[in-house]
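Q: Have a look at this one before I ask anything.
The values are calculated or read from the model by the stated rules, or taken from the named source; none is laboratory data. Everything numeric here is computed off the predicted structure, so don't read it as measured data. Note that each Cβ is placed from the backbone with ideal geometry, even for glycine, and that neighbours are counted across all protein chains shown. To get the accessible areas, we keep the full protein, side chains included, count just its heavy atoms, and leave off ligands, DNA and RNA. Shrake-Rupley method; radii C 1.70, N 1.55, O 1.52, S 1.80 Å.
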Amino acid sequence: MSTHKHDHSDHAEHHHEDGHAHGSGHGHGHGDAHEHGREPSCCGTASVAAAKAQTSTASGGLLLRIPSMDCPTEEGQIRRALEGFPEVRGLRFDLPARALDIDAPPAAWEPVIAAINGIGFKTETLSAPPPAEDTAKAQRTELTRLVAALLVAIAAELVDFFAPDMLAWKVVGMAVAAGAIWLSGLAVFRKGLSAIVRRDLNINALMSVAVAGAFVIGQWPEAAMVMALYSLAELIEARSVERARNAITGLLALSPPQVEVRQADGTWTSADVKTVAVGATARVKPGERFALDGRVTAGQGAVDQSPVTGESIPIDKAPGDDVFAGTINQSGALEFEVTKPASDTVLARIIHAVEAAQGQRAPTQRFVDKFAAIYTPAVFVLALAVAVGTPFIMGWPWLTAVYKALVLLVIACPCALVISTPVTVVSGLAAAARRGILIKGGVYLEEARKLKVVALDKTGTLTEGKPRLVAQAALSQSLPEAEVLRIAKSLASRSDHPVSKAVSNGLDGEELAVEDFGADMGRGVHGTIHGRKYILGNHRWVHERGLCFPELEAKLEEHEAQGRTLSLLADQERVLGLFAVADTVKETSRQAVADLKALGVRSIMLTGDNPSTAKAIAGQVGIDDVQANLLPEDKLKVISELGQTQQTGMVGDGVNDSPSLAAASVGFSMGGAGTDTAKEAADVLIMNDDLRKVPETIRLSKRTHAILWQNIVLALGIKAVFFVLAVFGSATMWMAVFADMGASLLVVFNGLRLLKSTR
């Protein structure tokens, strides 16, 4: 079994939930309908910096501006520098704003800043995120500067090509080229020099040596062009990665900044969502978006929930139903009571969870980082060998050998390789979130494709989880039927277990006073009514008490064969009544199991219910392998045993599923109906409780993996071709920079393809 699941520290910081799972008479809890995460923090992207400003410092994190951090390469360096700090719970980068939000206690701030400074980055402490307008203005200024540098580099090329071969014109040309390098590459040179001093042969060091060397050997026009194009490509790459991140954080814009709120005198006034208190009554008109989470108090209408749950069909809403920020009211004015502040809506928590997930290193990403760490120094050694060795071995002129070595350095720049994985993983996470699938990290996005068996809980996962009373019978001559039903209702109404609730809701009559009420976990409830002790429990409990008889067993088997769950009312001497409860199979379950089978994934049902009920439900959905009468520790044992030989997934929604969800290679929890404990233990949340999202996650995982390796092969393949051309052909620095820039942009746009298939 995969061992990565036993360390949940990677995603613990973005998924702290309040435990709202309630105990129950039958030993099964149902919690709050939605996860309770922390409010989103700042620095996801520039486009939402202003919207997040109010939450950035509330968490007490360290907010830094790092002027020279402008591309994913620097982001990777800083991540590696801070890996040794266990106090750092999370990092949120905003590359366009050159800002970094560090979730760490104040005691760790000084050593963290020292570590960042130690790898050559100057830092400034901020009290709030840079305003989005300032970031946008800085980006425009940078783009203008780089375009100007490119024009100056072109001027240097023209001077070299057309000017007479005289010293004065050469000096002019060199001055123009130096101007282009100064405009575009000073930051690169600073970072490159710092890297060389630290003996860290990274991309900036490689490019600095190549450009400086080309200038020294008289190839100053090409040196200027290489630096201008390289800096421009870096900007485009950074923007592309931000585009992938914006696919999620842009969801924040779906939630309107203003909402109509009812005042004390009954009038309606538009108010800023950040000022609206929990408990206030708000209103949304047809065609408008909900600005906050709430519960409908008046009106009826259809609501498009696709931005939050991925559900394509509008859901009818009536008083008592929950609504979410960012969803669209399609018909009929609705009034709703606000249940969450703006910082804690389901939409805000989705954004925060995915932002935190982006900070994790997926397996392929870790492999690429390690490969690049070996690859770049190896390229330096190869270039040095070409520069020094080929004049002796192949008789090349020294300047030709040095030029070819410098061309090799530019071609070998691992930018495309390094950028290929994060942009693809982030796009995959964004694509999943748009479909209502919350994946807590790139590692689980990659692991899902390896699943060979998926274990499924029954209640709330394969079935609706809302059982109803379908049959009842009084079995005693000593008590009138009406009295038997009243006693059963009185006991059942005291329990919050779904089966007890179904019995209570299905019976009419007045409730009686119950004394000494108690619950036996996994068995049922007991209490005293009119001085007589009664139990209302499952078949096993009644059997253990020796109260079953052949005729009763025959009746029970008949009901259980139809997939019904039984509760029996008994006193200390005999069984008084029988109550059959049935849970209906979700319409999507059959299709989900069929889809898993088509993907070559075996399904197995793990349930605490009796074998007859389990087999009846399994037969309806197409599952062949069923294990019933399982306690939570039994489920955990099954998952652990399966995981020793194959990658195993687990899908569940209850407290009793939590150990199994944590032990599985990939745990899937129902994000709507699931308990908080289950959602904390799981790696993937399905926001609309549609089981078809499990095979959809596996398909997305396979597609992401395919694109990851396409990008790696593209990046290395293009470089290999130009390597051969550089050494044995006539590749120039022009060709080299276009090979590097072209490969980088190719892998970026290939990775972004995942976003286009989200609808």
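Q: Please go through the stretch 262-280 and pick out each residue that is assigned to a strand (DSSP E or B) and hydrophobic (A, V, I, L, M, F, W, C).
A: Residues of the stretch 262-280 that are assigned to a strand (DSSP E or B), as a first pass: 262, 268-272.
Answer for the stretch 262-280, where residues must be assigned to a strand (DSSP E or B) and hydrophobic (A, V, I, L, M, F, W, C): Trp268, Ala271.
Q: Can I ask one more? Evaluate the following for Asp653: is it over 30 Å from Val747 (Cβ atoms), at pLDDT 80 or above and acidic (Asp, Glu)? So that I can check it myself, show each step before the final result.
A: Values: over 30 Å from Val747 (Cβ atoms): yes; at pLDDT 80 or above: no; acidic (Asp, Glu): yes.
No, not satisfied.
Q: In addition: Could you tell me which residue of the stretch 452-464 is farthest from Gly608 (Cα to Cα), considering only residues that are open to solvent by 10 Å² or more (accessible area, probe 1.4 Å) and over 25 Å from the mean Cα position of the chain (by Cα)?
A: The qualifying residue farthest from Gly608 (Cα to Cα) is Glu464.
Q: Determine the pairs where a residue that is at negative phi, located within the stretch 183-198, has a partner that is open to solvent by 70 Å² or more (accessible area, probe 1.4 Å) with Cβ atoms under 8 Å apart, the partner being 6 or more residues away or on another chain.
A: Note: pairs meeting the criteria are Leu183/Arg145; Ser184/Arg145.
Q: Do any residues in the stretch 384-408 that are farther than 19 Å from Val226 by Cβ and without any contact (Cβ under 8 Å) to a residue 60 or more places away in the chain have Cβ atoms under 8 Å from those of residues that are open to solvent by 10 Å² or more (accessible area, probe 1.4 Å) and aromatic (Phe, Trp, Tyr), where the two are at least six apart or on different chains, and which pairs are they?
A: Thr390/Trp396; Pro391/Trp398
Q: When the residues of the stretch 681-704 are narrowed to those that are part of a loop (DSSP other than H, G, I, E, B) and among the hydrophobic types (A, V, I, L, M, F, W, C), which ends up farthest from Glu587 (Cα to Cα)?
A: It comes out as Ala682.
Q: For the stretch 82-91, which residues satisfy the criterion of being touching a strand residue (DSSP E or B) at 6+ places or on another chain (Cβ under 8 Å) and part of a loop (DSSP other than H, G, I, E, B)?
A: Leu82, Val88, Arg89
Q: Taking only the stretch 92-120 into account, find how many residues are outside any strand (DSSP E or B), among the charged types (D, E, K, R) and more than 22 Å from Asn202 (Cα to Cα).
A: 1
Q: Of everything in the stretch 543-554, what is without any contact (Cβ under 8 Å) to a residue 60 or more places away in the chain and part of a helix (DSSP H, G or I)? Give them in sequence order.
A: Result: His543, Glu544, Pro550, Glu551, Glu553, Ala554.
Residues are listed down the side, and each one gets a yes or a no for (1) open to solvent by 60 Å² or more (accessible area, probe 1.4 Å); (2) modelled with pLDDT of 85 or more; (3) touching a strand residue (DSSP E or B) at 6+ places or on another chain (Cβ under 6 Å):
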residue	(1), (2), (3)
Ala136	no, no, no
Glu142	no, no, no
Arg145	yes, yes, no
Ala148	no, yes, no
Ile154	yes, yes, no
Phe161	yes, no, no
Ala177	no, yes, no
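Q: Going by the structure shown, is Gly185 crowded, with 18+ Cβ neighbours inside 10 Å, part of a helix (DSSP H, G or I), modelled with pLDDT under 80 and of a type in the set (Gly, Ala, Ser)?
A: Working: crowded, with 18+ Cβ neighbours inside 10 Å: yes; part of a helix (DSSP H, G or I): yes; modelled with pLDDT under 80: yes; of a type in the set (Gly, Ala, Ser): yes.
Yes.
Q: Need the failing condition index for Ile535 against (1) open to solvent by less than 20 Å² (accessible area, probe 1.4 Å); (2) in a strand (DSSP E or B); (3) at pLDDT below 90, just the number.
A: Only one criterion in (1) open to solvent by less than 20 Å² (accessible area, probe 1.4 Å); (2) in a strand (DSSP E or B); (3) at pLDDT below 90 is unmet by Ile535, namely (3).
Q: Which count do you get for residues in the stretch 108-121 that are modelled with pLDDT under 90 and open to solvent by 10 Å² or more (accessible area, probe 1.4 Å)?
A: 4
Q: In this structure, is Ser744 within 28 Å of Arg590 (Cβ to Cβ), in contact with a helix residue (DSSP H, G or I) (Cβ under 7 Å, 6 or more places away or on another chain) and either in contact (Cβ under 8 Å) with a residue 60 or more places away in the chain or open to solvent by less than 10 Å² (accessible area, probe 1.4 Å) (or both)? Talk me through it step by step, then tell me what you get.
A: Working: within 28 Å of Arg590 (Cβ to Cβ): no; in contact with a helix residue (DSSP H, G or I) (Cβ under 7 Å, 6 or more places away or on another chain): yes; either in contact (Cβ under 8 Å) with a residue 60 or more places away in the chain or open to solvent by less than 10 Å² (accessible area, probe 1.4 Å) (or both): yes.
The answer is no for Ser744.
Q: Okay, next question. Against the condition under 20 Å from Asn538 (Cα atoms), open to solvent by 30 Å² or more (accessible area, probe 1.4 Å) and outside any loop (DSSP other than H, G, I, E, B), how does Ser612 come out, does it pass? Please lay out each step first, then the result.
A: Working: under 20 Å from Asn538 (Cα atoms): yes; open to solvent by 30 Å² or more (accessible area, probe 1.4 Å): yes; outside any loop (DSSP other than H, G, I, E, B): yes.
So Ser612 passes the test.
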